[in-house]
Each structure stands twice: as C-alpha cells, then as structure tokens.
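Enquirer: Quick one: the structure is below, questions incoming.
The values are calculated or read from the model by the stated rules, or taken from the named source; none is laboratory data. The structure presented is a predicted model; accordingly, all values stated were derived computationally and were not measured. Please note: Cβ atoms are built from the backbone with ideal geometry, for glycine as well, and neighbour counts cover all protein chains shown.
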Amino acid sequence: MYQLIYYSVANPQLVQDDIKNILLKARTFNIAHNITGCLLYHDAIFLQILEGEEAIVKEVYHKIQQDERHTNIHL
C-alpha cells in the first residue's frame, strides 16, 4: 500500500456546494479504484490522505495538482 498526504489552500471563490461535490466525486472514484483515505476542509485549507496502489494514487495526485479549485499544494 502506498500513502501520501498533502495540504492546499482553497480558491477564494469556492463555496460549500463545491466542497460537497468534491467529496461526492472523490468517494465514487475512490471506491471504484480501491483508494482509501481522508479529506478534511477547514478555514479554506484542504488536507487529504490518499492510500492505495501506488500508480493509481500518484495518478490521482497528479489530477489534484491540476485542479484550479485550490493552490499552494504541498506534499
């Protein structure tokens, strides 16, 4: 099992519905790809733990890095 943790700063235009949509899509994708972890959001900061098969987790992280809904991503 491979695990990574990152944090990032939410885009100021992000609203509560955006966060709910992120969580719903992540749950669906993660179940289908056998990824587990945790997503936290507080005071415009995301913290996420991802774990699973290394290639898939790295692929997901690469997509996360491209997402404009947050910036300043630190692994």
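Enquirer: Filter segment 10-35 for residues that are farther than 12 Å from LEU50 by Cβ and touching a Phe, Trp or Tyr at 6+ places or on another chain (Cβ under 8 Å); which is modelled with the highest pLDDT?
Expert: For segment 10-35, the residue satisfying everything is ALA10.
Enquirer: Return the residue satisfying two criteria in turn: it lies in segment 53-68 and is in contact (Cβ under 8 Å) with a residue 12 or more places away in the chain and part of a helix (DSSP H, G or I), and of such residues it is surrounded by the fewest Cβ atoms within 10 Å (Cβ to Cβ).
Expert: GLU54
Enquirer: Right, something else. Could you pull out the residue among LEU40, LEU23, LEU50 that is among the aliphatic types (A, V, I, L, M), surrounded by fewer than 15 Cβ atoms within 10 Å (Cβ to Cβ) and assigned to a strand (DSSP E or B)?
Expert: Every option except LEU40 fails the conditions.
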